[in-house]
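For reference, the structure discussed in these notes is given below.
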Amino acid sequence: MMRTGWVFLLLLFAPALHALVVEVPGSFTISGVTRSEGKVILPSERTYQNIRILDKSTYDFVTACQEPCVQPLPQVTPVLADVRPARTRGQMWIVQVDFNGAWLITFLVFQKGKEYNIKPPEHFTFTSDVLAQQTRQVIVNAVKENV
């Protein structure tokens, strides 16, 4: 009986045990991506979906990719998609950045004095310092225009 219980638990949590890392070479990685019954399940924080797929070709790629899951995208460029003040806290903004029309990433921005602290989603990591700086500049410019 004990062995059957462990097998059941392993089967129940199998998708969580095998999460993918999607890499856009020289740009960023997204960890914690799972697939279930032919559907892509993106990671979320506190039930908020802060990583989204924007186009069908990216969705199809993530649905079918094998590890390592490397998505080649041409010159990745950050483009402002949306900026809005947070309702729950002053001096905080929610900024969405579009990367090549493939991925939409939501960043939290906090202002402390004249400085801006930008918090990316937990499962999103820049692998390019240049792209991180370009994204930071897009975000800071958007917030300054929105103040």
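The values are calculated or read from the model by the stated rules, or taken from the named source; none is laboratory data. This is a predicted model, so every value here is computed, not measured. Note: ideal-geometry Cβ built from the backbone for every residue, glycine included; neighbour counts use all protein chains shown.
Select from the range 18-44 the residues that are among the charged types (D, E, K, R) and buried (at least 16 other Cβ atoms within 10 Å of the Cβ) and write down the one among them that is nearest to G101 (Cα to Cα). Walk me through how you get there before you give the answer.
Taking the range 18-44 and keeping what is among the charged types (D, E, K, R), we get 23, 35, 37, 39.
Next cut, buried (at least 16 other Cβ atoms within 10 Å of the Cβ) only: 23, 35.
Numbers: E23: 16, R35: 22 Å.
Top of the filtered list is E23.
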Could you please find all residues in the range 35-61 being at pLDDT 95 or above and of a type in the set (G, A, S)?
-> S57
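For residues that are in a strand (DSSP E or B) and over 11 Å from the mean Cα position of the chain (by Cα), scanning just the range 117-128, find the one that is surrounded by the fewest Cβ atoms within 10 Å (Cβ to Cβ).
Let us first name the residues in the range 117-128 that are in a strand (DSSP E or B), namely 117-119, 124-126.
Add one more test, that the residue is over 11 Å from the mean Cα position of the chain (by Cα), and what stays is 117-119.
On the way: N117: 10, I118: 16, K119: 13.
Restricting to residues being in a strand (DSSP E or B) and over 11 Å from the mean Cα position of the chain (by Cα), the top hit is N117.
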Only one of these conditions is not met by R89: (1) over 20 Å from P25 (Cα atoms); (2) not in a loop (DSSP other than H, G, I, E, B). Which number is it?
-> (2)
How many residues are in contact with an Asp or Glu (Cβ under 6 Å, 6 or more places away or on another chain) and within 15 Å of I51 (Cβ to Cβ) when one looks only at the range 62-76?
-> 0
Hits in the range 104-116 - residues which are part of a strand (DSSP E or B) and farther than 14 Å from V138 by Cβ | L108, F110, Q111, K112, E115
Out of the residues in the range 82-116 that are closer than 21 Å to S128 by Cβ, among the hydrophobic types (A, V, I, L, M, F, W, C) and in contact with a Ser or Thr (Cβ under 9 Å, 6 or more places away or on another chain), state the one that is surrounded by the fewest Cβ atoms within 10 Å (Cβ to Cβ).
-> A102
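Looking at the range 37-69 only, could you name the residues that are among the β-branched types (V, I, T), within 14 Å of A19 (Cα to Cα) and assigned to a strand (DSSP E or B)?
If we filter the range 37-69 for residues that are among the β-branched types (V, I, T), which is where we start, we get 40-41, 47, 51, 53, 58, 62-63.
So of that shortlist, the ones also within 14 Å of A19 (Cα to Cα) come out as 40-41, 62-63.
Passing the criteria: V40, I41.
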Cβ pairs under 8 Å, 6+ apart, first in the range 47-64 and farther than 19 Å from V97 by Cα, second exposed (fewer than 12 other Cβ atoms within 10 Å of the Cβ) and of a type outside the set (D, E) | T63/G38; T63/K39
List every residue pair whose Cβ atoms lie under 7 Å apart, where the two residues are 6 or more positions apart in sequence or sit on different chains, the first residue falls within the range 73-85 and is under 15 Å from T127 (Cα atoms) and touching a residue at least 40 places away in the same chain (Cβ under 8 Å), and the second residue, located anywhere, is hydrophobic (A, V, I, L, M, F, W, C) and in a strand (DSSP E or B).
-> L73/V24; V76/V24; V76/F99; P78/V97; P78/F99
Name the pairs whose Cβ atoms lie under 9 Å apart, with the first residue in the range 119-147 and of a type in the set (D, E), the second surrounded by 12 or more Cβ atoms within 10 Å (Cβ to Cβ) and in a strand (DSSP E or B), and 6 or more positions between them or separate chains?
-> E122/S31; E122/G32; E122/E45; E145/V83
